[in-house]
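Notes to accompany the following structure.
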């Protein structure tokens, strides 16, 4: 970018800006929260898996990268394939240049019998949670709110049985699917209890997210039966536990499911992030009165296309959503790919600085 | 030999069995087809495959979703298991061979499996390498089997970056091999940029694209 403009002056720190969103106040500019994990490890010279298997490296890689790019929102721990490891399966950490997040290597409950035998794990020792707890201690040590990684029942169930197995149970053995979903929901609530108990009276936010419930996979009717009741119950439980805000990532093509997502609670306010498949105007129509909206710059564009296209997508997103009633955060539509060109992330911030201030 | 009306009834039952994901019905009418002398190849193509084609339309129209399509696929395979061994002589000649797999770094294989099924039912010999497949394996398998087509699948934005690399590796060893790519983040533009010969927007489209690719190859006298 060659054009020289006098930079706009920020009048809030990142913490104040995020705080303003959560207090339903107008910040100096829209927050920029890219949704970025593995990239941070690569950015500071760590192996990508460090962001998932080493709490301290994960925390600092994210904090340093946030400082470098000047984005908001700090650091958080988690990944999309949670559930498999926590319930006794095996996970594979990202190793090759083509991998960016952990994947389930062996599924702990691929049969109805295994679902019957599945025990609710102890949070303190389950899968990634010892790392998540260490990460939370880092957040506490540095005075940041703890982002509790909540296990979303449906996606986690798919990570426990394998998605195609879960899909077949939904059709042929719905009682098995429900049994698994119930067990995951119990564990998900136990996670909330654990954090409340071990970090008493400390500011917290909960993160939930759903990818497997996208309409690329299931129907809205299946969402109503297999996702809505468990997710709703989980969100209600989080809020009743005293956590005031939920950050919920509604991943992928979810347009047909939006009427059901609108039946859930997210706190006061929640932050709801969307993939590029859901138009921000639509998201604001459904949720904008009560909750802040985040999204939805397509990761594939961030990774593969010239910076001008990324900037233009950001411009369009900001134009559509900047004045959302409960606020807007510029964010990628899903995790920023680890191989994204650094300049493409920089221009997301630049778009915020050029176009995201409230006058 | 079944009379025409009875044959139509049997083919319709196979079609319906797939569309309604009624595995028992497909098994019953596959046996009926054989018992009554219906040509096995015809039963597959005009019964099972025709039914799956309609399932593809239902998926495209968002009337069916992955759970329904998987059930239809199970029903189809139940029929194929019975009918395929009885496909005879000329008709059993394969349309082509395809090496298929989800690229290294990607464990998502539902889409790949549906594409594989479409190749199976269309009469291709399919060499399925599974998921998270090391790039060298695609090269080795293509050379070993002399398959005309290598079909690569990726769901993740990171793993899709393996595609141009493996395309380059395959073409370096066998410039005549045809590469098809597909998966959620892939578009025609991405396929073109990666140097792929074909792009499968969905499972049904994959077979049409493959047949066209092989036809083009043969027209050029390369096969």
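Points to keep in mind about this one:
- With respect to chain B, whose longest principal axis is taken over its alpha-carbon atoms, helix B:23-35 is tilted by about 70°.
- Average beta carbon contacts from partner chains per residue of A:337-343, 10 Å cutoff: 2
- Based on C-alpha pairs under 8 angstrom that are at least 6 apart in sequence, the stretch B:4-89 has a relative contact order of 40 percent.
- Estimated FRET transfer efficiency when R0 is 30 angstrom, pair residue A:105-residue A:24 (beta carbons, to 0.05): 0.10
- Cα-projected label distance for residue B:42 with residue B:202, points at 7 Å along beta-carbon direction, nm: 3.0 nm
- Size of the stretch A:35-349 as Cα extents on the principal axes (Å, biggest first): 53, 41, 40
- Prolate/oblate/rounded label for the protein assembly as shown (Cα gyration tensor, a/c 1.5): prolate
- Computed E for residue B:3/residue B:81 - FRET, C-beta separation, R0 25 angstrom, nearest 0.05: 0.40
- Highest-MSF residue in chain B out of B:28, B:20, B:136 [GNM, Cα springs under 10 Å]: B:136
- For the stretch B:140-187 and the stretch A:1-72, distance of Cα centres in Å: 36 Å
- Kirkwood-type radius of the stretch A:265-359, with distances r between different C-alpha atoms, in Å: 13.3 Å
- Each of A:264, A:151, A:68 was scored by other Cβ atoms within 10 Å of its Cβ. Listed from fewest to most, they are A:68, A:264, A:151.
- Relative contact order for the stretch A:35-349: 15 percent, from Cα pairs under 8 Å spaced at least 6 residues apart, divided by residue count.
- Pairwise Cα distances in the stretch B:4-89 exceed 17 Å for 38 percent of all pairs.
- For the stretch B:94-219, the percent of C-alpha pairs falling in each 5 Å distance bin, counted from 0 to the bin holding the largest distance, reads 2, 13, 26, 28, 22, 8, 1, 0.
- In chain B, helices alone account for a calculated mean residue ellipticity at 222 nm of -16500 deg cm²/dmol, with every DSSP H run of four or more residues adding -39,500 (n - 2.57).
- Extent of chain B along its three principal axes (Cα atoms, max minus min coordinate, largest first): 53, 38, 25 Å.
Readers should treat all values here as calculations from the given coordinates under stated rules, not as data from a laboratory. Small disclaimer: the values here were computed from a predicted structure and weren't measured. Backbone-built Cβ (ideal geometry, glycine too); neighbour counts: all protein chains shown.
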